[in-house]
Amino acid sequence: MDSDCDGRTGQSKFVLFHPTGFPNKSPLFQPPMVAAITISFRSLPSPYSVGIWEVSPVCSVGYRRSDHRARFPSPAMAESTKAKVEVFDSEEVLAESLAKYTANLSSNFIGERGAFTIVVSGGSLIKSLRKLTESPHVDSIHWSKWHVFWVDERVVPKDHDDSNYKLAYEGFLSKVPIPPGNVYSINDALSAEGAAHDYQTCLKNLVKSGVLNISETRFPKFDLMLLGMGPDGHVASLFPGHELMNEKEKWVTFIKDSPKPPPERITFTFPVINSSASIALVVAGAGKAHVVQAALGDTSQVSEKLPVQIVSPEGELTWFLDKGAASKL
Ligand SMILES: O=C1O[C@H](COP(=O)(O)O)[C@@H](O)[C@H](O)[C@H]1O
């Protein structure tokens, strides 16, 4: 039985990244021009080659490839975090790359601290994890060291079709040998408020026992968060314009009026999301291209940010996009 948190039991076209904290007073940083940057391109010899754009804060501006249409990341983003954007020919290739990325981080963290704390979301993300359940990853990952959490969960029984746990169990967890005691699902016998409080208590206990790291700002610091994004720009159960976007103290909170059904959910807050050592934002399909464009385009004139634009981890942020999702960049 899994652990309840109450303790009961292709061609990639480009990558942009920009360094943490462009110094605001630097002559190199002139919003809204962002910064003078140089971009280099490298491709990797592999069945599908991955082209990578690197952006670093030096004094010339230009893209070496003339055909891409990516814009600079927004100044707001540039000030706060380091982001990489990878675009793959298909969701199939994206899933392969996501599996490699996750397996590498798993190996690094387990080597460093003997455990890997990974947070998943619900929705389409789970399908994109399927390559982890296949060779070579399924045989090489130290699954016994994994600790799995949910960035959000719907307050429904675990066997309900809306349950993010059920989705993850059927699509991923049932296919890999993670010890059930390392899978931290919510207590579905509680109310939304009770379940959020219970999950937060669970996280605090795991910080005390050393399974979970803690950030300098005293929020839990997960090794990797795998986030999906809704077509409205929501991440976790943090929806555009909702007051929960502004939560600054709690680790886990609840919502009873989610605009997307079901209405009752629990969710990690932005301080927890942004304390992560690494975040992968995984978005596939042309149906989300307009939000990807809004999120990665110039937001200097935009007064209200989308939830996805607030994702800004202490560590590294990597966008995994398929061609469809990136089609408006
Ligand atoms: O309701 C939710 O939606 C988001 C996005 O889902 P997607 O199917 O559009 O990828 C998901 O990340 C979140 O975990 C889930 O509860």
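At a glance:
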| read-out | value |
| --- | --- |
| Scan of segment 301-329 for residues that are more than 22 Å from residue 105 (Cβ to Cβ), open to solvent by less than 20 Å² (accessible area, probe 1.4 Å) and part of a helix (DSSP H, G or I), ordered by number | 307 |
| Of all residues in segment 104-145 being away from the ligand (no atom under 16 Å from the Cβ) and under 15 Å from residue 320 (Cβ atoms), the one that is most open to solvent (accessible area, probe 1.4 Å) | 104 |
| Of all residues in segment 146-188 being among the small types (Gly, Ala, Ser), open to solvent by less than 10 Å² (accessible area, probe 1.4 Å) and touching a Lys or Arg at 6+ places or on another chain (Cβ under 9 Å), the one that is nearest to residue 94 (Cα to Cα) | 163 |
| Which numbered condition residue 153 misses (of (1) within 28 Å of residue 325 (Cα to Cα); (2) more than 16 Å from the ligand (Cβ to nearest atom)) | (2) |
| Among (1) more than 13 Å from the ligand (Cβ to nearest atom); (2) under 19 Å from the mean Cα position of the chain (by Cα), the one test that residue 193 misses | (2) |
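The values are calculated or read from the model by the stated rules, or taken from the named source; none is laboratory data. These numbers come from a predicted model, not from an experiment. FYI the Cβ positions are ideal-geometry reconstructions off the backbone, even for glycines, and counts take in every protein chain you see. Note: accessible area is taken over every heavy atom of the protein model, side chains too, but ligands, DNA and RNA are not part of it. Shrake-Rupley method; radii C 1.70, N 1.55, O 1.52, S 1.80 Å.
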